[in-house]
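For reference, the structure is listed below as structure tokens.
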Ligand code: KG4
Ligand code: ZN
């Protein structure tokens, strides 16, 4: 079965063709990062306009590279939530038009479920149930993947997402947007022991995260040093930020796995590209005798192959939409 996936929830316009939920036939991503970099973050209106310009070109290219036409596709999957509303609306309306014109089924996909599905594209043998840590620019969740289409969120961030914390700390150090990858690079030659950063815990749920205190302490440290004319070693600070975020994510995930009896753990979301997070969770899983899965680096960021993959499983479960499908900016995974 061939699924055409479409993704436009943030600053990547993407389309992909995936066979039977597991085999990527084509995957095209048009990123807007260079344009948003000038403003230090994603400008929603610019993102919507670029999606509008790019979506047809990107989709045509995905079909061409797969050497198929729309006739050969079995269903059209699209990200409808969560994300920037104006950006989501472009993908949703485009997919609705394609579905109406071609008579193909329309399949709505939750963006976070898409990130989780990157592990199915990387590990053909992986099947639910398992526990998944999803860390991206907008979300940090520990999720029970009960089946391909049923999820239970057991831990979440109370404030900033891990990716946002990476990006804001990076901005304080003068790195361009999105800064996570620059922290990753700088940390490679840094000493994580020079700076002792806070490891905040939150009351009420031992699997929840809080990253805003860490972010604020790094911003204050950089600004105070600038005012006093003290030069900080940013490689060491980047290494401390990365190891602190990695420890926080790993600690809560292992705690949740032990408490809920999971022996298989997966990682997903943009932050899953981070060298420190990958190593910390992988080592903790090995120490505890858990199986560990993480996506190929090429699938960590936003893409449409993950939407086509999750779309396949949604379609098999009978999850389809009609022409009344709307985009939703904020939607818990448990409401899908
Ligand atoms: O999943 P994603 O592409 O978009 C959202 O759905 O939010 O995640 C983007 C986030 C950004 O915050 C970006 O800085 C972060 O993932 N990221 C990284 C790395 N690569 C991307 N953070 C740390 N280290 C990386 N190598
Ligand atoms: Zn994402």
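Just so you know, all these numbers are worked out from the coordinates, no wet-lab data involved. On a predicted model such as this, the values are computed, not experimentally measured, just so you know. So basically every Cβ, Gly included, is an ideal-geometry build from the backbone, and we count neighbours across all protein chains shown.
DSSP bridge analysis restricted to the range 1-138 gives an antiparallel fraction near 60%, rounded to the nearest 5. Its relative contact order, with pairs defined as Cα atoms under 8 Å and 6+ residues apart, puts the chain at 26 percent.
When the chain is treated as a GNM, springs tying every alpha-carbon pair under 10 Å, which of 128, 108, 295 comes out with the largest mean-square fluctuation? Maximum fluctuation in the GNM of the chain, among the listed residues, is at 128.
Spin-label model, residue 331/residue 71: points 7 Å from Cα along the beta carbon direction are separated by 3.2 nm.
When only C-alpha pairs under 8 Å and at least 6 residues apart count, what is the relative contact order of the range 128-298, in percent?
This gives 26 percent for the range 128-298.
Helix 305-316 axis versus longest C-alpha principal axis of the chain: approximately 50°, rounded to the nearest ten. Measure nothing fancy, just the Cα-based angle from helix 212-228's long axis to the longest principal axis of the chain, in degrees from 0 to 90, nearest 10. Helix 212-228 sits at roughly 50 degrees to that axis.
Roughly how many whole Å is it from the C-alpha centroid of the range 83-132 to that of the range 276-336? Taking the Cα centre of the range 276-336 as reference, the centre of the range 83-132 is 9 Å away. Under the simplified labelling scheme, the residue 275-residue 39 pair shows an inter-label distance of 3.2 nm, with each label point 7 Å from Cα along Cα→Cβ. On a 0 to 90° scale, report how tilted helix 275-288 is relative to the longest principal axis of the chain, with both axes built from alpha carbons and the result rounded to the nearest 10. That helix lies at roughly 90 degrees to the long axis. Kirkwood Rh over Cα pairs of the chain into Stokes-Einstein at 25 °C, 0.890 mPa s: D in µm²/s? Stokes-Einstein gives a translational diffusion coefficient of 121 µm²/s. Diffusion coefficient (Stokes-Einstein, Kirkwood radius over C-alpha pairs, 20 °C, 1.002 mPa s) for the range 255-324: 151 µm²/s, rounded to a whole number. Between residue 260 and residue 206, the contour length at 0.36 nm per residue exceeds the alpha carbon distance by 18.2 nm. With the Cα gyration tensor of the range 68-161 giving a ≥ b ≥ c as the square roots of its eigenvalues, does the rule (a/c under 1.5 for rounded; else a/b larger than b/c for prolate; else oblate) give rounded, prolate or oblate? Oblate.
Given only helices, namely DSSP H runs of n ≥ 4 each adding -39500 (n - 2.57), what is the per-residue ellipticity at 222 nm of the chain, to the nearest 500 deg cm²/dmol?
-14000 deg cm²/dmol
With a Förster radius of 45 Å applied to the C-beta separation of residue 189 and residue 61, the computed FRET efficiency comes to 0.75. Among 111, 199, 139, sorting on how many other beta-carbon atoms sit within 10 Å of each Cβ, with the fewest leading, yields 199, 139, 111. Extent along the principal axes, Cα only, for the range 128-298: 54, 33, 27 Å, with the longest axis given first. Counting only DSSP beta bridges with both residues in the range 128-298, the antiparallel share comes to about 60 percent. At an R0 of 25 angstrom, the distance between the Cβ atoms of residue 150 and residue 324 translates into a FRET efficiency of 0.60. Look at the Cα gyration tensor of the range 214-258: its axes a ≥ b ≥ c give a/c of at least 1.5 with a/b over b/c, and that counts as prolate.
Need one number: % antiparallel among DSSP beta bridges in the chain, to the nearest 5.
60 percent
Spatially, the range 1-37 and the range 162-241 are offset by 31 Å when compared through their Cα centroids.
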